[in-house]
2 protein chains.
Amino acid sequence: MGDPETMNKIETRVWTSDTVVADLERAIHEHRLPPGTKLGEDELAEAYGISRTIVRAALLALSHRHLVELKRNRGAFVAQPSVREAREVFEARSLLEPRTAHSAALRMTEAELTRLRSNIREEHAALDAGENGRALLLSGQFHVEIARIADQSTIEAFISQLISRSSLIIALYWRRRAALCETQAHHALLDAFANRDAALAEQLMKSHLLDLVASLDLRNVTQPPMSLREALQR
Amino acid sequence: MGDPETMNKIETRVWTSDTVVADLERAIHEHRLPPGTKLGEDELAEAYGISRTIVRAALLALSHRHLVELKRNRGAFVAQPSVREAREVFEARSLLEPRTAHSAALRMTEAELTRLRSNIREEHAALDAGENGRALLLSGQFHVEIARIADQSTIEAFISQLISRSSLIIALYWRRRAALCETQAHHALLDAFANRDAALAEQLMKSHLLDLVASLDLRNVTQPPMSLREALQR
DNA sequence: GCCGACATAATTGTATACAAAGTTGTGCTA
DNA sequence: TAGCACAACTTTGTATACAATTATGTCGGC
């Protein structure tokens, strides 16, 4: 594919294992790299202008977060969560996020409220601009931000992972319907936070997650591939 | 240090990244590798009879589980959770494990009950034999087994990680007192499971975790090192 | 005698070479 | 022509060589 210039990322930046992980995770979260996409080591190494060593470390990290599936002697692929895994992810979220929202409501400061408000605003703007991937990323960041405000970095790390995996789940199982319900739920949560109503925030988060699961098509039919690309690469 | 034979692991076994991770994780969990221990790459590579490539992958995996801390250009060390991190780990456990015990109670079969009973028996035997490390490992496996029975592999993975980290926390902050309370709590849980009393199991797990935190000395004094070895290697 | 700078050694970070496994394409046979 | 076997190619797995960074030990100056 042409000369290296065309496929390289920003030339000046130094890519380390962590920055490559962040870059790939973002791309996955935004659905620029859909589930099942092959992530060849040489391909990535050339794209980032680094050696396979760093790429492998990044892919290993992503596989530990269940965003990438490593098949021995076959390569790395963007993960394709099963229906089972999808249910499990949202089960885990339902255990973690409502209580975390509760804690966050009690610790919320004005500055943090402002941050959340601007997040919702950006998400809205992205939706209006038709940038669905970016909107989904921002929507996820809203949830992670709440965990951060709760000041529980361990739980935050779990939630962050679950949110990323949720993005893959949405890519696979989302049934196109109302896209606005998301931001509405976030608005409601924000009001609860603004009023420091922890109990309400907890309840709203719980409902929000149930709504999310309900908006998925988790019947076992058409389970694994859902795209012809997968049919040939597995 | 002498000829390679003396420091090698079992010669016949083929060590892969995953098996090395499991081996090291077990050693950490059993306190054979106490917090702060330097894990040199060449040292490990020679011990396992593999190259540094595999060792690095293993250390990377362990760092993602927060069992090993990687300091750039300094090396890998068995993690030393801060008081803050200790509190966070048990906060996360308190969100995950009680509900998981609830689910497990509803799904418990006779075979699984037998497994849990034998686990408690082995833990008792280990304690009697003075093998505290092994007892701690078995105690942790009891909790992970419950998550497995609940049939939620995603939550199980989180709990498994938290249990391993708890082992480090116990190594650092355990205040020597009653050592038997552990097995008593597990016995009580077992009875609840045997009676399929999900509500009771949930409550018992909640109490058990509170007792565990209470048995730790999480005052901020003497926080980081706690051993002279650390004083010089950081 | 104590402190700082420089040289040396040890350890980790990265790239690359080679080996192993898998995939694909071709040609032979039935 | 369909199916199988073999060979060439591609991609990943592992080891190792080299570079960069940090730690250590020594020497000289104050």
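The values are calculated or read from the model by the stated rules, or taken from the named source; none is laboratory data. The shown structure was predicted, so the numbers you read here are calculated from the model rather than taken from an experiment. Cβ placement follows ideal geometry from the backbone for every residue including glycine, while neighbour counts extend to all protein chains displayed. What goes into the accessible areas is simple: the full protein's heavy atoms, side chains included, and nothing from ligands, DNA or RNA. Shrake-Rupley method; radii C 1.70, N 1.55, O 1.52, S 1.80 Å.
Given a cut-off of under 8 Å on Cα pairs at least six residues apart, what relative contact order in percent is computed for chain A?
For chain A, the relative contact order is 25 percent.
Counting other Cβ atoms within 10 Å, keep those with at most 13, restrict to DSSP loop, and tell me which trypsin sites (Lys or Arg not before Pro) in the stretch A:130-209 are left.
A:Arg175, A:Arg176, A:Arg177, A:Arg196
Summing +1 for each Lys or Arg and -1 for each Asp or Glu, what net charge is found among the other residues whose Cβ lies under 14 Å from the Cβ of B:Ile120? Kindly include the intermediate steps, with their values, before the conclusion.
Numbers: positive: B:Arg115, B:Arg117, B:Arg121, B:Arg134; negative: B:Glu112, B:Glu122, B:Glu123, B:Asp128, B:Glu145, B:Glu182, B:Asp191.
So the environment of B:Ile120 carries a net charge of -3.
Considering the rotational relationship between chains B and A, which residue of chain B contributes the beta-carbon of minimal distance to the axis, and what is that distance to the nearest Å?
Taking Cβ atoms only, the nearest residue and its distance are B:His64, 2.
Per DSSP H run of at least 4 residues, take -39500 (n - 2.57); add these up for chain A, divide by its residues and hand me the 222 nm value, nearest 500 deg cm²/dmol.
For chain A, the value works out to -22000 deg cm²/dmol.
By how many degrees, 0 to 90 and rounded to 10, does the Cα axis of helix B:181-194 deviate from the longest principal axis of chain B?
Relative to chain B, helix B:181-194 is tipped by roughly 50 degrees.
I'd like to know which of A:Ser160, B:Ser164, A:Ala201 lies farthest towards the positive end of the charge dipole of the protein assembly as shown, counting +1 on Cβ of Lys and Arg and -1 on Cβ of Asp and Glu.
Toward the positive end, the furthest listed residue is A:Ala201.
Just check the stretch A:4-79 against the gyration tensor rule for me: Cα atoms, a ≥ b ≥ c as the square roots of the eigenvalues, rounded for a/c under 1.5, and otherwise prolate or oblate depending on whether a/b exceeds b/c.
Details: a/c = 1.58, a/b = 1.42, b/c = 1.11.
In terms of gyration-tensor shape, prolate.
If you roll a 1.4 angstrom probe over the protein chains with everything in place, what fraction of the accessible area of chain B belongs to carbon and sulfur, to the nearest %?
On the way: 6060 of 11580 Å².
C and S atoms contribute 52 percent here.
Which distances in nm, rounded to one decimal and ordered from shortest, link the label point of B:Gly40 to the equivalent label points in the other identical copies, with labels set 7 Å from Cα toward Cβ?
4.1
Rounded to the nearest whole Å², what accessible area per residue is found for chain A with the 1.4 Å probe? If you can, show how the numbers build up before the last one.
Working: 11530 Å² over 234 residues.
Per residue, chain A has 49 Å² of solvent-accessible surface.
Which translational diffusion coefficient, to the nearest whole µm²/s, is obtained for chain B from the Stokes-Einstein equation, given a Kirkwood hydrodynamic radius over C-alpha pairs, 4 °C and 1.567 mPa s?
69 µm²/s
Report P(r) for the protein assembly as shown: all Cα-Cα distances, bin width 10 Å, range 0 to the bin holding the largest distance, values in whole percent.
Reading upward from the zero bin: 4, 17, 27, 28, 18, 5, 1.
How large are Rg and Dmax for the stretch B:36-121 when calculated on the C-alpha trace, in angstrom?
Rg, Dmax (Cα atoms, Å): 18.7, 52.
With +1 on the Cβ of every Lys and Arg and -1 on the Cβ of every Asp and Glu, and nothing else charged, how large is the dipole of chain A about its Cα centre, in debye rounded to the nearest 20? Mind dumping the intermediate values first?
Working: 30 positive and 32 negative charges, 152 e Å.
Dipole of chain A, to the nearest 20 debye: 740 debye.
Give me the summed buried accessible area for the A-B pair, 1.4 Å probe, to the nearest 100 Å².
About 1900 Å² of accessible surface is lost on pairing.
For a quick check: with amide H placed at 1.01 Å from N, whose amide H comes under 5 Å from A:Val68's, ignoring anything fewer than 5 positions away on the same chain?
HN-HN under 5 Å from A:Val68: A:Ser63, A:Ala79.
Between the label point of A:Gly75 and that of the same position in each other copy, find the distances and list them shortest first in nm, with every label point placed 7 Å from Cα along the Cα-to-C-beta direction.
Copy-to-copy label distances for A:Gly75: 3.9 nm.
Going 7 Å from Cα along the Cα-Cβ axis for the label, what nanometre distances separate A:Leu113 from the same residue across the other copies?
List, nearest first: 5.3 nm.
Comparing the chain by itself with all protein chains present, which residues of the stretch A:141-178 are at least 30 Å² less accessible (probe 1.4 Å)?
A:Asp151, A:Gln152, A:Thr154, A:Ile155, A:Phe158
Report the gain in length on full extension from B:Ser153 to B:Arg175: 0.36 nm times residue separation, minus Cα-Cα distance, nm rounded to one decimal. Don't skip to the answer; put the middle values down first.
Values: separation 22, 0.36 × 22 = 7.92 nm, distance 3.25 nm.
Gain on extension, B:Ser153 to B:Arg175, equals 4.7 nm.
Using θ = phi - 60° and the Karplus form 6.51 cos²θ - 1.76 cosθ + 1.60, what ³J(HN,Hα) does each residue of the stretch A:72-78 get, whole Hz, x for Gly and Pro?
Couplings: 4, 6, 10, x, 10, 9, 4 Hz.
Of the options B:Ala45, B:His64, A:Leu216, report the single residue whose Cα projects farthest towards the positive end of the charge dipole of the protein assembly as shown (beta-carbon charges: Lys, Arg +1; Asp, Glu -1).
Going by the Cα projections, it comes out as A:Leu216.
Which whole-angstrom value gives the distance between the alpha carbon centres of the stretch B:33-55 and the stretch A:42-57?
25 Å
So what's the angle, to the nearest 10 degrees on a 0 to 90 scale, between helix B:110-128 and the longest Cα principal axis of chain B?
Approximately 60 degrees, to the nearest ten.
Tell me the angle of helix A:198-214 to the major Cα principal axis of chain A, expressed in degrees between 0 and 90 and rounded to the nearest ten.
Taking the Cα atoms of chain A, the angle to A:198-214 is about 40 degrees.
Quick one: work out Rg over Rh on the C-alpha atoms of the stretch A:83-214, Rh as Kirkwood radius.
0.94
Considering only lysines 8 or more places apart in sequence, or on different chains, count the pairs in the protein assembly as shown whose C-alpha atoms sit under 26 Å apart.
Taking the Cα cut-off of 26 Å, the pair count is 5.
Report the relative contact order of the stretch A:34-126, percent, no decimals, based on alpha-carbon pairs under 8 angstrom and at least 6 residues apart.
Normalised by residue count, the contact order of the stretch A:34-126 is 25 percent.
To the nearest 10 square angstrom, how much accessible area does B:Leu218 have with a 1.4 angstrom probe?
10 Å²
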